[in-house]
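All remarks here apply to the structure that follows.
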Ligand SMILES: Nc1ncnc2c1ncn2[C@@H]1O[C@H](COP(=O)(O)OP(=O)(O)OP(=O)(O)O)[C@@H](O)[C@H]1O
Ligand SMILES: [Mg+2]
């Protein structure tokens, strides 16, 4: 048993290394420069501070400012766009060195973050659908208000919730929140003044009903007591671009009345084909990421699942216990929780950063692998016990009998479950958008945050998933046929 | 010549249920031993301890002088030498008839694939199924399946064969073809231990008949002795029932 154990450990190591070798080719670009290199998180969609431009590059006030400061202060950085909350937590766990994401400086946050010089003054405003007859916060009594998770605006809204008697609901990105209001699912939304105004300017159908309140300031944040050098560089750079007028130019570019305009051309936005053409590169890269996650996820999960599933039928109590514990834990945890735990939680325990795609693949391997293990174990147990006895009575060693006699019969019983699990894996990759992997779903979110074409973009995304699933099912059927024929 | 099987004071319990309560048995080379006895008396359990599909609780088993209960004994090696035929055939359904027969010697590196094919065809011919070599087990009748199972066991060139009710799952008209193969084997000098209810076979082929009841061997002797003049009351009773249906 001991031997098998080390062997398992060894193959797990191999699998982890493989992840790194095959999928990862992005992070080493800056390796030989002398300039300090940082990993900086930002929100995925928080126009006008950060959002993806048409060529796929991140633009916005925060982004342009960061680029200018890095140039002035001679440092390089890898930008990680990720849901705001995950990014903020990732800084605390050491996953990221800093975050710049229109982050309001609050006393609570100052307990755990060190903020740079405040770079933008803001206030919080509320908006309703243009069709709504609400003109005052007082009319919100009993109604539902949309908030963005973890933001200063949300906090402000909660502070006045008692007074105005509204209910709240949460969203993870601004655009979905706006849509909830525009479609009437929520009565109003609270958001930072520049963000809301930029969105309205770009075609979001909302009507502002309040003056900016509870003025706050945005800051660049590092974990308290850490990355002092980076913080100093930010402050110095900020002072410099403020002085030479770069800062004002950047702000004017996004909020100045005549320069701010819709990021896409209105004509192209009108048709699905136009949208596809216009965002071709982004969709392609989203599909590729989704396929990578799916294919490698399936491969690793299958290896892991078969190993763990076989352990469950080996006549050894320790192996059985290990296997059922692993199945119990990883089948029981929601995929999202597991992903956050691995991406954000694990680095705070171990001190090593894990790239999002690796965290995503580990998540899929463990979660889908646990499901696979469960039906592999079930399938193997369903093979008549007489088969193993007959094989052993001929003198075949246990593992040889397992491989040659039990597995081929068991796997045949499992094929429908495998096909099913592969389809589930493909769909589950979309959950990984939450840890900042820009796969197909996140690509949709990102494109919509720029062009506000919710329905059409989701239609395209849905169609793409269906196409991939169809291809995957064909492939599975073909493999099944090959299997059954011999 | 030599002693092939020597079982001494063998006990086997499943939890509180003691199924074998001290079995002693010696089987000589070339001997055919038929075991009879009521259902649940421990015949299968005993047979299965002989190749360690079942672990005895206490007692010793020696096959060709090799102690099966010793830790250092390589069970796989011992099993290569003991063929076993099961009531429900247990053919490998994902393999062809020929592959069923050749799998073990090839996988265990006994002979090359080519040699295995020749041997396999020869064994299938011996059990009268050369024409079924490429069929799948599901395409065979019960009697054919059991004959393939015998050929499969023979492919390892065992020196002992164990049969656990090889004809009980067969339709009556197929029993004969399987018994014929077994009779041929016995005539060639194979050492055999056979659990069966086929009293005709026992009378004709067995050198010795062993009667099991309640986890003990209650009666033992030549077929003439056991069938003609049983001493144990349980044996009398049992034989009365099976012989006078
Ligand atoms: N794996 C097991 N676990 C627990 N009890 C068992 C097991 N296998 C057999 N037994 C019990 O051992 C006893 C003897 O069974 P065994 O199969 O050896 O009888 P048998 O003489 O072969 O009967 P039959 O003629 O019906 O085949 C029975 O009471 C049975 O319930
Ligand atoms: Mg039995």
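We did not get these values from a lab; they are worked out from the coordinates using the rules stated. Since we're looking at a predicted model, the values are computed, not measured. Here the Cβ is made from the backbone with ideal geometry for all residues, glycine too, and neighbour counts use every protein chain on show.
If we count other beta carbons within 10 Å of each Cβ, what is the order of B:114, B:165, fewest first? Could the numbers behind the result be given before it?
Numbers: B:114 9, B:165 20.
So the ranking, lowest neighbour count to highest, is B:114, B:165.
Between segment A:85-100 and segment B:160-222, how far is it from one alpha carbon centroid to the other, in angstrom?
77 Å
Considering just Cα atoms, how many Å³ per residue does the convex hull of segment B:127-228 enclose? Display every interim value, and only then the final one.
Values: hull volume 12.5 nm³, N = 102.
In segment B:127-228, the Cα convex hull volume per residue is 123 Å³.
Taking each residue of A:395-406 in turn, how many C-beta atoms of other protein chains fall within 10 Å of its C-beta, and what is the average? Working shown, then result.
Working: counts 18, 8, 6, 1, 0, 5, 3, 0, 1, 6, 7, 1.
Taking the mean over all residues of the peptide, I get 5.
What number, in percent, do you get for the relative contact order of segment B:7-158 if the mean sequence gap of Cα pairs under 8 Å and at least 6 apart is divided by its residue count?
21 percent
Pop a pseudo-label 7 angstrom from the Cα along the beta-carbon direction at both residue A:467 and residue A:243 and give the gap in nm to one decimal.
Label-label distance for residue A:467 and residue A:243, simple model: 5.3 nm.
Quickly work out the residue A:111-to-residue A:162 label distance, labels modelled 7 Å from Cα along the C-beta direction, and quote it in nm with one decimal.
The modelled label-to-label distance comes out at 1.9 nm.
Averaged across B:87-95, how many Cβ atoms of other chains sit within 10 Å of each residue's Cβ atom? The partial results should precede the final answer.
Numbers: counts 1, 3, 2, 10, 3, 8, 7, 10, 4.
Taking all residues of B:87-95 together, the mean is 5.
Report the paramagnetic label zone for residue B:131: residues of segment B:175-194 whose backbone N is under 17 Å from a point 7 Å from Cα along the Cα-to-Cβ axis.
Those under the cut-off are B:177.
To check you understand DSSP bridge types, tell me what percent of the beta bridges within chain B (both residues inside) are antiparallel, rounded to 5. Intermediate results must be reported in sequence, preceding the final value.
Details: 21 of 38 bridges.
Taking every DSSP beta bridge within chain B, about 55 percent pair in antiparallel fashion.
Roughly what angle does helix A:317-332 make with the longest principal axis of chain A, taking Cα atoms, 0 to 90 degrees, to the nearest 10?
That helix lies at roughly 30 degrees to the long axis.
How high is the relative contact order of chain A? Use alpha-carbon pairs under 8 Å, at least six apart in sequence, and give a whole percent. If you can, show how the numbers build up before the last one.
Details: 752 pairs, mean separation 87.3, N = 486.
Computed value for chain A: 18 percent relative contact order.
Return the average number of partner chain Cβ atoms within 10 angstrom of each residue Cβ along peptide B:49-61. Could you put the intermediate results ahead of the total?
On the way: counts 0, 0, 5, 2, 5, 1, 0, 0, 0, 0, 0, 0, 0.
Mean partner-chain Cβ count within 10 Å for B:49-61: 1.
Indicate, rounded to the nearest 5 percent, the antiparallel portion of the DSSP beta bridges found entirely in chain A.
55 percent
With angles folded into 0 to 90 degrees, how steeply does helix A:84-93 sit against the dominant principal axis of chain A? Use alpha carbons for both and round to 10.
Orientation of helix A:84-93: about 70 degrees from the principal axis.
Where a ≥ b ≥ c are the square roots of the eigenvalues of the C-alpha gyration tensor, would you call segment B:198-245 rounded, which needs a/c under 1.5, or, failing that, prolate if a/b is larger than b/c, or oblate? Kindly include the intermediate steps, with their values, before the conclusion.
Values: a/c = 1.63, a/b = 1.19, b/c = 1.37.
In terms of gyration-tensor shape, oblate.
Would you calculate the separation in nanometres between label points at residue A:280 and residue A:169, each defined as 7 Å from the Cα along the Cα-to-beta-carbon direction?
Modelled inter-label distance: 3.8 nm.
Just from its helices, what would the mean residue ellipticity at 222 nm be for chain A, if runs of 4 or more DSSP H residues each count -39500 (n - 2.57) and the sum is divided by every residue, rounded to the nearest 500 deg cm²/dmol? Display every interim value, and only then the final one.
Working: 22 runs with 283 residues, N = 486.
Computed ellipticity for chain A at 222 nm equals -18500 deg cm²/dmol.
Could you give the angle, 0 to 90 degrees to the nearest 10, between helix A:440-451's Cα long axis and the longest principal axis of the Cα atoms of chain A?
Helix A:440-451 and the main axis of chain A meet at about 10 degrees.
What is the Å³ per residue value for the convex hull set by the Cα atoms of the protein assembly as shown?
Taking the convex hull of the Cα positions in the protein assembly as shown, it is 231 Å³ per residue.
Along the principal axes of its C-alpha atoms, what lengths does segment A:105-165 span, in descending order and rounded to whole Å?
Taking max minus min along each principal axis of the Cα atoms, segment A:105-165 gives 42, 22, 17 Å.
Would you please give the FRET efficiency between residue A:272 and residue A:34, computed as 1/(1 + (r/R0)^6) with r the Cβ-Cβ distance and R0 = 51 Å, to the nearest 0.05? Walk me through the intermediate numbers first.
Working: r = 48 Å, r/R0 = 0.95.
Approximately 0.60, to the nearest 0.05.
Take peptides A:179-191, B:12-24 and line them up by average Cβ neighbours within 10 Å, highest first, as a rough protection proxy. Intermediate values should be presented prior to the final figure.
On the way: A:179-191: 21.4, B:12-24: 14.5.
The most tightly packed comes first, giving A:179-191, B:12-24.
Return the ratio Rg/(2.2 N^0.38 Å) for chain B, where Rg is computed over Cα atoms only. Don't skip to the end; give the middle numbers.
Values: Rg = 18.0 Å, N = 245, 2.2 N^0.38 = 17.8 Å.
Relative to the rule-of-thumb radius for its length, chain B sits at 1.01.
Tell me, A:336, B:170 in order of fewest to most beta-carbon neighbours within 10 Å?
Working: A:336 15, B:170 21.
Lowest count first: A:336, B:170.
Among rounded, prolate and oblate, which fits segment B:35-107 when a ≥ b ≥ c are the square roots of the eigenvalues of its C-alpha gyration tensor, a/c under 1.5 means rounded, and a/b larger than b/c means prolate? Intermediate results must be reported in sequence, preceding the final value.
Details: a/c = 2.80, a/b = 1.28, b/c = 2.18.
Verdict is oblate for segment B:35-107.
State whether segment A:350-445 is rounded, prolate or oblate according to the following rule on the C-alpha gyration tensor (a ≥ b ≥ c being the square roots of its eigenvalues): a/c under 1.5 gives rounded; otherwise a/b larger than b/c gives prolate, and the remaining case gives oblate.
Verdict is prolate for segment A:350-445.
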